[in-house]
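Structure first, commentary second.
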Amino acid sequence: MIAEVAFDAPVDHPFSYRVPAGWAPARGQRVLAPLGGARRVGIVLGLRDGDDAALKPLLSLAEPVPVLDAAGLELARWIAAESLSSVGSTCAALLPPVATPATPAPGERAPAPRPAATPTGAGVELLVGAGRERRLLERIAQAPGALVIVPDVEAAARWAQRLGKARPVLRLDSGVDDDVRAEAWARLGADGGLAVGTRSALLSPLPPGALLVLVDEHDIAHKPPGPPRIHSRDVVLERGARERRHTLLTAATPSVELWVRAADRGGVTMAPPAPGPWPAVTISDTRGILRREPLTPPLARAVRETLAAGRRVLLLVSRLASSLACDECGEITRCPQCALALVYTRAAATLACRLCATTVPLMDTCPHCGGRRLSPFGWGLERVEHAVRRRFPRARVARWDPEASRGARGEAQRAAAAAAEIVIGTRGALRLFGPASLGLAGFVSPDQLLRLPDFRAGERMFGLVWAAAERVGGHGSLVIQSQNPTHYALEAVARQDLAGFYRAEVKFRAELGYPPFRRLALVTVRGGAEGRRLADEVAAALRASSRLTVYPPVAERRERARRIVVKGHADLPAVLAAALEDFRAPRPRSRGIMDVEVDPVEWPS
Ligand SMILES: [Zn+2]
Ligand SMILES: [Zn+2]
């Protein structure tokens, strides 16, 4: 008998091994087998009769029973195809570690596969608005079991504690020991129950009747780097449909993709968002004045009043963007075709579009108002901190930038931020605060987010400002200083009008052919001169497909990489796989490295 085994490698096809006499491995079971001179863990994708005399034998069974059943394997294949990853790498990323020491288990019989899920009032529901988490907890309490997927390990610990008040919770994420995790996987399949995990729990066994849940769909941590590059929301929706399982998603500000499905009869139901307690929102117009002082009078006044009331202040500062805006009217210089912010290169004195590669010579005056100052101006964290300390010398002030502070120094900064009256931070600083815990959230210059050369720039800004409003709640204030004070994202937050934002954003996406109306992929090729040649070959192969719109390669990271943006339709992964077949086979690194990401959530900038 021959076993077809897939490994954690970027190779599409499985490898064949002889099954020693008396062994009975099953599909979906992990085994140890020799590969490239090493003992490697792989997963059995298939078994067949054939001439196995010339094949190397399997070394051992890595676990007594299959970790995936037939439906789980099929879902893994779907994920691999959608993300242009290999099935082996997909399984390696989405399965718990092999727990028990590997021992040969000749003759051990795999248990009968568990029964297929029976339809139980299947459907997909999106929970938005105030009280969405309370409603989710009620639904979970009524269900016989549930698999709750959260964005990261921190959230897994929080949700396990929350759900654990009512009944035992199995942890499937890497925040617990490998053995605990592996045992939780096995127990969930055998006995059912309630489980919490990150994306590595997406394939875990789940008894009939249990709910599939995805928390905080809008969190970009649901699509981490590394294969398979796919958003957990897409896997949860696919799995729910395959197993006809009731699926629930929560989001403060859902992705436009999900909103369109919910609003446009795309198979997702959504109750109209319930309004909740909301802060007093002030939008402070900074056109023409922002350069002198990072805090305008309305924001400075709000800080003073909040401190006087003994409540906490969060000032959010965004990283500087590499594009220009008019100091007078706030207008951002954008690509006329793509509407993306143009990226300014000081050395070349040009503006370039990161999508269509158009370059525009630097202009002297604002095309919108004729103003004379176009600049990449913005406030950095340090300068804002300096200004705040000068203005409020007696307040306890801390700076918190989780992306820039790691390790012991990060811990010390986190402790300082937790004790501070005024925290000055980037968007990650929001995580320090629970719902309705702030007296004031102030945005120094969220326009930087609108200046990102990313079609999701408006969605990002909206999500961040909305999240800050929820952290303030009904007894505090939100002050937004902006050069774009009438932007629909800000107006939607001011009116607590979730639907209002999506109305405008969906129109923009539809007009310019951005997701969800078309699908996008980023094809990145790295490597010196050989890499450039490879990029040209890849671009030519993509252009040969009539199903794709291919933009010219753009140089990145000082010419070390070239990026090709591709627009396609619902079948984009399959079309890309066919067009790039010749390039996806393993090749020496010296000949260039190609990487494909379908449905990117963050644009490289
Ligand atoms: Zn202007
Ligand atoms: Zn463009």
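Tell me, what are the semi-axes, in whole angstrom and largest first, of the equivalent ellipsoid of the range 408-469 as set by the roots of 5 times the Cα gyration tensor eigenvalues? Intermediate results must be reported in sequence, preceding the final value.
Working: eigenvalues 115, 41, 19 Å².
Its equivalent ellipsoid spans semi-axes of 24, 14, 10 Å.
If I take every Cα pair under 8 Å that is 6 or more residues apart in the range 479-596, average their sequence separation and divide by the length, what percent do I get for the relative contact order?
Reported as a whole number, the value is 28 percent.
For Arg187 and His569, what is the calculated FRET efficiency with R₀ set at 51 Å and r taken between the beta-carbons, to the nearest 0.05? Working shown, then result.
On the way: r = 42 Å, r/R0 = 0.82.
Computed FRET efficiency for Arg187 and His569: 0.75.
Compute, for the chain, the length of the dipole vector about the Cα centre, with Cβ point charges of +1 (Lys, Arg) and -1 (Asp, Glu) only. Units Debye, rounded to 20. Please report the intermediate quantities before stating the final value.
Numbers: 81 positive and 63 negative charges, 292 e Å.
Here the chain has a charge dipole of around 1400 debye.
So, counting K/R as plus one and D/E as minus one, what does the shell of residues with Cβ under 9 Å around Glu421 add up to? Kindly include the intermediate steps, with their values, before the conclusion.
Values: positive: Arg311, Arg312, Arg396; negative: none.
Taking every other residue near Glu421 into account, the sum is +3.
Using alpha-carbon positions, what is the distance between the centroids of the range 313-363 and the range 447-478, in Å?
Cα centroid of the range 313-363 versus Cα centroid of the range 447-478: 19 Å apart.
With no solvent and one equal point scatterer per Cα, compute the Debye intensity ratio I(q)/I(0) for the range 2-94 at 0.13, 0.15, 0.25 Å⁻¹ and report its log10, rounded to two decimals.
-0.39, -0.52, -1.36
Post the alpha-carbon centroid distance, the range 391-421 to the range 1-73, in whole angstrom.
51
Using a 10 angstrom Cβ neighbour count of at most 11 plus a DSSP loop assignment to flag exposed trypsin sites (Lys or Arg not before Pro), which longest range of the chain is free of such sites?
Longest site-free region, per DSSP loop and neighbour criteria: 407-556.
What is the gain in length, in nm to one decimal, between Arg162 and Arg547 on full extension, counting 0.36 nm per residue of separation less the C-alpha to C-alpha distance?
133.9 nm is the gain from fully extending Arg162 to Arg547.
If you bin every alpha carbon distance in the chain into 20 Å steps from zero, what whole percent lands in each bin?
Calculated over all Cα pairs of the chain, the distribution is 18, 48, 30, 5, 0 percent.
Would you calculate, for the chain, the mean residue ellipticity at 222 nm contributed by helices, counting each DSSP H stretch of 4 or more residues as -39,500 (n - 2.57) and dividing by all residues, to the nearest 500? It would help to have the intermediate numbers written out before the result.
Details: 17 runs with 182 residues, N = 605.
-9000 deg cm²/dmol, from helical runs alone.
For Ser318, list long-range residues whose amide hydrogen, built 1.01 Å from N in the peptide plane, is under 5 Å from its own amide hydrogen.
The answer is Ser445.
Return the percentage of antiparallel bridges among DSSP beta bridges fully within the chain, rounded to the nearest 5 %.
Within the chain, antiparallel bridges account for around 50 percent of the total.
If we sort 359-367, 217-225 on the protection proxy, mean other Cβ atoms within 10 Å, highest first, what's the order?
217-225, 359-367
Just in the range 489-533: which GluC sites (Glu not before Pro) are loop by DSSP and have at most 16 other Cβ atoms within 10 Å?
none
Dimensions of the range 519-598 along principal axes (Cα, Å, largest first)?
33, 24, 19
Putting +1 on Lys and Arg Cβ atoms and -1 on Asp and Glu Cβ atoms, find which of Gly463, Gly473, Gly425 reaches farthest to the positive end of the dipole of the range 411-503.
Gly463
What translational D, rounded to a whole number of µm²/s, comes out for the range 308-362 from Stokes-Einstein when the hydrodynamic radius is the Kirkwood one over Cα pairs, at 20 °C and 1.002 mPa s?
162
In the neighborhood of Gly410, defined by Cβ-to-Cβ distances under 11 Å, what is the net charge if each Lys or Arg adds +1 and each Asp or Glu adds -1?
In short, 0.
Bear in mind that the values in this text are calculations on the coordinates, not laboratory data. It should be emphasised that the depicted structure is a prediction, and the values quoted were computed from it without experimental measurement. Neighbour counts run over all protein chains shown; Cβ positions are idealised from the backbone, glycine included.
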